[in-house]
Amino acid sequence: MRLYWHPFSVFPRRIRVALREKQIACEEVEVDLPGGAHKTPEFLRMNPAGKLPILEDDGFVVAESTAILEYLEERHPTPSLLPGDLRDRARVRQLVAAADAYFTPAMVRHIHRTLGQPEAEWNRAELEQDRATIASHLDVLERQLEGREFLAGPFTLADVVYVPFVTVLGLLGLADLLEGRPAVAGWIARLEARPAVRATAPAGT
């Protein structure tokens, strides 16, 4: 099994966390994004979108982080990152879908608009719009976490998909959004304490 990734790409961390949580042996191949390796014909044959992550398993290739997570779960069902109950699994998948629909787009925009960009060139109006979207979603998570250690109770894929984003709020200058959201702050602390999350943390966090 081989995972294609790069530290500059946020989504592969989801897979790297899941691999460690499930104790799956996997070669991790760092793609030369700055050198344009993701635009080569060889890469585009694996993923025509030219995006990471990509997982290769005995000749089978799958892209898109949530599809890879589902594949790993079915390929290696233990330890499980999905509940056994049908309705609980549906709830986890709903949480995963909500993360990608309502939270990660604003986080990705914020990352692209700030990291590596001179502060004088930041578009403050767009950043404030993204902050408002992120804050609103954190309010949703605050309610979801009431009485729960993790989003669905036990640690699941619902938590995995948020790891690359919520654990870098401080790095992105968004730590103040945790004020008044104690359930979210506690949840992030529990995520950061997990060995799989610590082992995949980007430099500077």
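The values are calculated or read from the model by the stated rules, or taken from the named source; none is laboratory data. Values in this document were obtained by computation on a predicted structure and should not be read as measured data. Here the Cβ positions follow ideal geometry from the backbone for every residue, glycine too, while neighbour counts run over all protein chains shown.
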ask   = Yes or no: A106 surrounded by fewer than 17 Cβ atoms within 10 Å (Cβ to Cβ) and closer than 26 Å to L172 by Cβ?
value = no
request  = Determine whether segment 20-28 contains at least one residue that is touching a strand residue (DSSP E or B) at 6+ places or on another chain (Cβ under 6 Å), assigned to a strand (DSSP E or B) and either of a type in the set (K, R) or without any contact (Cβ under 8 Å) to a residue 60 or more places away in the chain (or both).
outcome  = yes
Hits in segment 79-128 - residues which are in contact (Cβ under 8 Å) with a residue 40 or more places away in the chain, farther than 19 Å from L151 by Cα and over 15 Å from the mean Cα position of the chain (by Cα) = T114, L115
query = What tally of residues in segment 110-126 results from selecting those that are over 14 Å from V168 (Cβ atoms), at pLDDT 90 or above and surrounded by 11 or more Cβ atoms within 10 Å (Cβ to Cβ)?
reply = 1
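Does D100 qualify as being at pLDDT 95 or above and assigned by TED's automatic domain parsing to the domain that holds A152?
Taking the combined requirement at face value, the residue satisfies it.
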request  = Count, please, the residues in segment 10-44 that happen to be among the polar types (S, T, N, Q) and buried (at least 19 other Cβ atoms within 10 Å of the Cβ).
outcome  = 0
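Condition first: among the hydrophobic types (A, V, I, L, M, F, W, C) and more than 16 Å from the chain's Cα centre (by Cα). Now tell me which residues in segment 129-172 satisfy that.
Selection gives A132, A135, V140, L145, A152.
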message = I'd like to check something: does segment 41-48 contain any residue that is farther than 26 Å from M1 by Cα and assigned to a helix (DSSP H, G or I)?
response = no
request  = May I ask you to say which residue of G180, G186 is more than 23 Å from L72 (Cβ to Cβ), in a loop (DSSP other than H, G, I, E, B), of a type outside the set (A, V, I, L, M, F, W, C) and outside the structural domain of R16 (by TED's automatic domain parsing)?
outcome  = G180
